[in-house]
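Working notes for the structure below.
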2 protein chains.
Amino acid sequence: MSQISQMGQTARNVTDIPDVTLILSGRYLIASSRSRDVQEQENISVAVASDRIVEIGPNLADKYPQAKCISHAHGLIMPGLINTHTHAAMACFRGLADDLPLMEWLQEHIFPREAQLTAEIVYQSTLLSLCEMIKSGTTSFNDMYLFAKDVARAAHASGMRAWLGEVVYDFPSPNYGELENGLRYTEELFDLYAGHELITVTVNPHSVYTCSPALLERLAAQAEERDTLYHIHLAENQDEVNTCMERYNCSPVQHLENLGLLNKRVVAAHGVMLTEEEAFLLARQKVKIAHCPESNMKLASGVAPVPAMLKQGITVGLGTDGCASNNDVDMFGEMNSAAKMHKVMQMDPTVMHAAETLHVATQGGATLLGAEKEIGMLAVGKKADLIMLDMDQPHLTPVYNPISHLVYAAGGGDVIHSVINGQVVMQDRQIITLDEKAIIAKMKEIGERVRNMK
Amino acid sequence: MSQISQMGQTARNVTDIPDVTLILSGRYLIASSRSRDVQEQENISVAVASDRIVEIGPNLADKYPQAKCISHAHGLIMPGLINTHTHAAMACFRGLADDLPLMEWLQEHIFPREAQLTAEIVYQSTLLSLCEMIKSGTTSFNDMYLFAKDVARAAHASGMRAWLGEVVYDFPSPNYGELENGLRYTEELFDLYAGHELITVTVNPHSVYTCSPALLERLAAQAEERDTLYHIHLAENQDEVNTCMERYNCSPVQHLENLGLLNKRVVAAHGVMLTEEEAFLLARQKVKIAHCPESNMKLASGVAPVPAMLKQGITVGLGTDGCASNNDVDMFGEMNSAAKMHKVMQMDPTVMHAAETLHVATQGGATLLGAEKEIGMLAVGKKADLIMLDMDQPHLTPVYNPISHLVYAAGGGDVIHSVINGQVVMQDRQIITLDEKAIIAKMKEIGERVRNMK
């Protein structure tokens, strides 16, 4: 674009017409969860140049005939969903063991197998989970797991926007061995992905019950130094609270506060067992909550007081947690469960209304990740992370309020196209960036190995 | 088959080989929710002759080469799901109004529009719901609504197995007008469908708060005379209990007991607000419960004590309720919600385990409908009501326990083929019996009319 002698391009530079490379065109546009951002119009379109949205309006395919156009007469265009807490590689444990008491599930089924994980299993399992995420409309995820370099490698291959880090705890890890290696491993991860367009490395203390106060503090210093998120499981269930009370004579939240570690970098996954005072404290310290209703339900952990948190202005994102406790990473299902669970818990059908739930799954997640200027809604200048649903289906007919359908009737399987950072990652339900068939086939082999692990 | 001179056919008669017309062949077979009825084997197949299953085993397509064979290398064959409480025609209200206080929702949005319903709207809306049911794996449904002749007409067209009846209450109906006409309308319905292979007419008092004791008794006599089910909303929420206490100084369950109306014909939808004594009473009187967890969550009605009911031996089926309070009729989603909701309510991850949940959605429903000898599981001699899922997908990989996937990971969109009463009603997600595109198009028109109703 820089050479004035190239007349065609110059003309476009002069009149400020961007180099539109991609148009998505449909019938409904949900720019954000605000009702004024919902449009129904024939050929409502989003124009993308490189990695950003440059125009929103009707009939943009006519205006930019050179651009690739992906259209559906009954398509709904919306921001990609943001999964704020998952362990993608746990896809290899999907359905391995369910309906068990928590400790039996962890100690007899999950922990012994996690101890035998390898870089290859994590890489392949993450690829599988990425296929599922792309096919169900997620465009960003926040991951915490072992072998994070391999998680990152898979994320890079997929074109997904990712926040990820190596989970760290006091005891030796199947990945890095002794703790000191873990800190070094994380440093290497930061260096490997410095300046990566899509991957942000985070610091991931596992929890207050698996990390000593000294470790929690060292990791906080690392997060501060690297200017990144401090992603931790917090107040997930009563066992965690009990353990913390026994060891430190205070709750998990109070423990972090006593250590001076509650601040705006903290992404607290779950936040189920919170008193009203603790919720106030989290709000005051600008801690963010990654809410995982389906995992909390399936493990019988409890119900996070999300409606109260939202009232206090706490930033809440939605997450699926890992596949071992969900057992999928479908954020549409998660929205449905979140909205319904809170209504019945509060005995009030007005709480967690559809728009609020969609907000949590999009802009809430973006804000939690510190990326609210770039993603979470559709607007000119934002990153082009967007999906299209096929609304021409019995279960989405008629359409009075598209946002209601997204929360109460749609499923991940209704997503037909997905664009991340301006790249088409799925078209007509075919993943472009990954070889889905090969990944599934490989995962079947891995499944046999995981099944037989003792 | 009767002429001895036709040698080929005679040979088959002599050796008792049935006239197999259809084979379904896949990799997994879930004959019932019992673990011993779960098989994984290449080309595991079900052979159908006319309306019944005649053989189950591997490679039946080779054994019966003349039969039509529908196969999928990674297919899972299972009994069709049984929706024990719905109002199919309420599909026309899907997403019209959500997240509102119950009375505002009913009185300002639903009731005024229901008063303007027509036979055509009910017929078309039921067709739409039938498309959705077929595409999400339901093969039987139990319906209660206005214009039941039109519901029946739609069910007949679809090939779905149906239990249905005209909802009756004290006040005039938009369908039949005065109450006496309603009783006559129901009599006509019985006569119209006497002996129909797939449609069973039931008696449907709306509830104890909309039907006088005299009406409840008259309808019970009608159900007795016609030897059919007495399908009623019962103990759905606190408002119903309060109204009943004010009028009759007892709970809804006690009210029916006082009238002598609790018996094995009663299918009670919801059963949310039950004391322990009332649950005992329902068990003793052999009342069946149609459990609708998603509707109960979305309307904030409460949580039915289903784990306790199952312990007491009460027959429980699963239902979606109408689309206005769900907002879909996907029984896979309903299983997922049921299993997770009860775990977190009881703070016990072992309750409503996957197999129990699948049982409720299949054999539980069949027993509730009095059809347990015919449907609800796959076995030689049973009616051929079965579906196949495509398990070759990221969110269903790997497969350690297929029943876990059905409850915790699958969705209605994973169903690829459906057979009801031996008839293929969907193949490769194309509905055979109904014109899905035309039904969706018609429903969009109706949606505009419904939106503008005052």
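What follows draws every value from the coordinates through simple rules; no lab data is involved. Computed from a predicted model, the values in this text were never measured in an experiment. Glycine gets a Cβ as well: all are built from the backbone with ideal geometry, and neighbour counts include every protein chain shown.
Per-structure values
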item: Table column - 3J(HN,Hα) (Hz), the range A:423-435, Karplus curve with 6.51, -1.76, 1.60, x for Gly and Pro; result: 9, 6, 9, 8, 9, 6, 6, 9, 6, 8, 8, 10, 8
item: Approximate spin-label separation B:Asp62-B:Ala221, in nm, with each point projected 7 Å along Cα-to-Cβ; result: 6.4 nm
item: FRET efficiency, 1/(1 + (r/R0)^6) with R0 22 Å, evaluated for A:Asp191 and A:Lys264 via beta carbons; result: 0.35
item: Teacher prompt: B:Ala214 distances to equivalent labels in other copies, 7 Å Cα→Cβ, nm; result: 8.5
item: Sorted by Cβ neighbour density within 10 Å, fewest at the top, the residues A:Cys92, B:Cys292; result: A:Cys92, B:Cys292
item: Rounded FRET efficiency, nearest 0.05, which uses the C-beta distance separating B:Leu102 from A:Glu42 and R0 of 35 Å; result: 0.40
item: Projected label distance in nm at B:Asp19 and A:Lys444, using a 7 Å step from Cα toward the beta-carbon; result: 3.7 nm
item: Over the range B:228-347, relative contact order from alpha-carbon pairs under 8 Å, at least 6 apart, %; result: 22 percent
item: Cβ-defined net charge surrounding A:Cys323, 9 Å radius [Lys, Arg +1; Asp, Glu -1]; result: -2
item: Label geometry 7 Å along the beta-carbon vector: B:Arg36 inter-copy distances in nm; result: 6.6
item: Cα-based shape type of the range A:281-324, given that a ≥ b ≥ c are square roots of the gyration tensor eigenvalues and the cut on a/c is 1.5; result: prolate
item: Inter-part distance where the range B:418-454 and the range A:396-430 are each reduced to a Cα centre, Å; result: 20 Å
item: Global form of the range B:242-311, assessed from the alpha-carbon gyration tensor, a/c cut-off 1.5; result: oblate
item: Cα-centre dipole for the protein assembly as shown with unit charges at Cβ (Lys and Arg positive, Asp and Glu negative), debye to 20; result: 980 debye
item: Sparsely packed GluC sites (Glu not before Pro) within the range A:129-209, loop by DSSP, other Cβ within 10 Å at most 14; result: A:Glu178, A:Glu197
item: Distances in nm from B:Gln312 to the matching label points in the other copies, shortest first (labels 7 Å along Cα to Cβ); result: 3.9
item: Within-13-Å neighbourhood charge of B:Tyr145 [Cβ basis; K, R +1; D, E -1]; result: -3
item: Exposure proxy order (Cβ contacts within 10 Å, fewest to most) of A:Met144, A:Met103; result: A:Met103, A:Met144
item: Percent antiparallel among DSSP beta bridges (both partners in chain A, rounded to 5); result: 45 percent
item: B from A by rotation - nearest chain A beta carbon to the axis, in Å; result: A:Gly413, 2
item: Centroid-to-centroid separation of the range A:331-345 and the range A:163-221 [C-alpha atoms, Å]; result: 32 Å
item: Dipole moment magnitude, nearest 20 debye, chain B about Cα centre, only Lys, Arg, Asp, Glu C-beta charged; result: 780 debye
item: Cα-centred dipole magnitude for the range A:310-449, charges only on beta-carbon of K, R (+1) and D, E (-1), debye, nearest 20; result: 240 debye
item: The range B:81-368 shape via C-alpha gyration tensor axes, a/c threshold 1.5; result: rounded
item: For chain A: relative contact order, % (alpha-carbon pairs under 8 angstrom, 6 or more apart); result: 20 percent
